[in-house]
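The values are calculated or read from the model by the stated rules, or taken from the named source; none is laboratory data. Small disclaimer: the values here were computed from a predicted structure and weren't measured. With ideal geometry, Cβ positions are generated from the backbone for all residues, glycine too; neighbour counts draw on all protein chains shown. Calculation scope for accessible area: heavy atoms of the full protein, side chains included, ligands and nucleic acids excluded. Shrake-Rupley method; radii C 1.70, N 1.55, O 1.52, S 1.80 Å.
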Amino acid sequence: MATATGHSQWIGNEDNLTHAHRLRALFDAVLIGGNTVLNDKPSLNVRHVEGKNPKRLILSNKCENLSSLKKVSDCKTYLFRDSGYNYDDCSNDFDKIIYFNGGCKKEKMFDLLQKCKQEKIKSILVEGGGTTLSTFIETKFANTLQFHMSPMLFGGGIKAVKLPNVNQVDESHKLSNMYVTQIGNSFMITAGLES
């Protein structure tokens, strides 16, 4: 998902970017983690297609300043944080700070999704980064996965998915209903995640 130094712009092509913006326009909200805010300084809005901007959800238990998230006038931006931590006040950067609870990762993600429902958010596009994506896969709260494969070899770098190691093949996370679509000079693999 990035080189070893964190450089990722641009791995994909224009068609990948258009596809990402089309997805944003279809979802109520787009969610990323704090590292993605710090590293990419994204806008998370719809610019390359017609459509409404989604709400922007930032999942972060970090104390770093997250004000590098680009301001977008017609996008509500929420910060989701674990209630078990104390943080510096960053309320000026967000429309709302929402705390979620739970004893384990799955309970915390379930509570986060319940809080989203209370905010009238019914569909969420999880865009990244690796830790955030992996949490939704590991807790089985991801319905559909899309992996974009560019014609590049890095030799190493930052993984898109960081899941706990398994000892046996049958312990792996299984994908279902998989199909491949060509997007420009790259490929997109779309699949469901078996529960």
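So what is the relative contact order for the chain, in percent, with contacts set as C-alpha pairs under 8 Å and at least six apart?
On the way: 325 pairs, mean separation 44.3, N = 195.
Here the relative contact order equals 23 percent.
Past 28 Å, Cα to Cα, is the threshold; run Lys117/Lys140; Lys71/Lys106; Lys62/Lys105; Lys96/Lys174; Lys105/Lys174; Lys62/Lys120 against it and keep the listed order.
Details: Lys117/Lys140 18 Å; Lys71/Lys106 31 Å; Lys62/Lys105 16 Å; Lys96/Lys174 36 Å; Lys105/Lys174 20 Å; Lys62/Lys120 26 Å.
Correct reply: Lys71/Lys106; Lys96/Lys174.
Which aspartates and glutamates have a Cα lying under 16 Å from the Cα of Lys76, excluding residues fewer than 8 positions away in the same chain?
Asp28, Asp93, Asp95, Glu119
What dipole magnitude, in Debye to the nearest 20, does the chain give about its Cα centre under +1 on Lys/Arg Cβ and -1 on Asp/Glu Cβ?
On the way: 24 positive and 20 negative charges, 72 e Å.
So the magnitude is around 340 debye.
Using a cut-off of 12 Å between beta-carbons, work out the net charge of the residues near Gln9 (Lys and Arg +1, Asp and Glu -1, Gln9 not included). Could the numbers behind the result be given before it?
Values: positive: Lys41; negative: Asp40.
Its environment carries a net charge of 0.
Need one word for the stretch 1-90: rounded, prolate or oblate. Basis is the Cα gyration tensor (sqrt eigenvalues a ≥ b ≥ c); a/c below 1.5 gives rounded, then a/b vs b/c decides. Mind showing how you got there, number by number?
On the way: a/c = 2.33, a/b = 1.34, b/c = 1.75.
In terms of gyration-tensor shape, oblate.
Which ³J(HN,Hα) values in Hz, rounded to whole numbers, follow from the phi angles of the stretch 43-55 under the Karplus curve 6.51 cos²θ - 1.76 cosθ + 1.60, where θ = phi - 60° and Gly and Pro get x?
Each residue's phi maps through the Karplus curve to give 9, 6, 10, 9, 10, 9, 9, 6, x, 7, 5, x, 5 Hz.
Which value, in nm² and rounded to one decimal, describes the direction-averaged projected area of the C-alpha convex hull of the chain?
On the way: hull surface 47.6 nm².
It is 11.9 nm².
Length gain on complete extension for the stretch Ser172 to Asn101, per 0.36 nm per residue less the alpha carbon to alpha carbon distance? Don't skip to the answer; put the middle values down first.
Values: separation 71, 0.36 × 71 = 25.56 nm, distance 2.75 nm.
So the chain would gain 22.8 nm between Ser172 and Asn101.
Quick one: ranking Glu119, Glu194, Glu50 by accessible area, 1.4 Å probe, largest first, what do you get? Walk me through the intermediate numbers first.
On the way: Glu119 40, Glu194 85, Glu50 175 Å².
Highest to lowest solvent-accessible surface, that is Glu50, Glu194, Glu119.
Apply the Karplus curve 6.51 cos²θ - 1.76 cosθ + 1.60, θ = phi - 60°, to the phi angles in the stretch 69-81 and return the couplings in whole Hz, x for Gly and Pro.
Coupling constants for the stretch 69-81: 4, 4, 6, 10, 4, 9, 10, 6, 10, 10, 10, 9, 9 Hz.
Can you give the % of DSSP beta bridges in the stretch 53-190 that are antiparallel, to the nearest 5? Working shown, then result.
Numbers: 9 of 18 bridges.
In the stretch 53-190, approximately 50 percent of DSSP beta bridges are antiparallel ones.
With every atom except the alpha carbons ignored, what do you get for Rg and Dmax of the stretch 60-159, in angstroms?
Rg then Dmax for the stretch 60-159, in Å: 15.4, 44.
I'd like to compare 129-139, 71-81, 150-160: which one has the highest average count of other Cβ atoms within 10 Å, and what's the full order after that? Intermediate results must be reported in sequence, preceding the final value.
Details: 129-139: 19.3, 71-81: 16.1, 150-160: 11.8.
Most protected by this proxy first, the peptides run 129-139, 71-81, 150-160.
Leaving ligands, DNA and RNA out of it, rank Phe110, Phe141 by accessible area with a 1.4 Å probe, largest first. Please list the in-between numbers first.
Numbers: Phe110 105, Phe141 55 Å².
Largest accessible area first, the list is Phe110, Phe141.
Just add up the charged neighbours of Asn45: K/R +1, D/E -1, any other residue whose Cβ is under 9 Å from the Cβ of Asn45. Present the calculation step by step, with values, prior to reporting the outcome.
Details: positive: Arg24, Arg47, Arg56, Lys70; negative: Asp74.
Net local charge, Asn45 excluded: +3.
Suppose R0 equals 35 Å; then what is the FRET efficiency for Tyr179 and Ser43 from their Cβ-Cβ distance, rounded to the nearest 0.05?
Values: r = 30 Å, r/R0 = 0.86.
That pair, Tyr179 with Ser43, gives E of 0.70.
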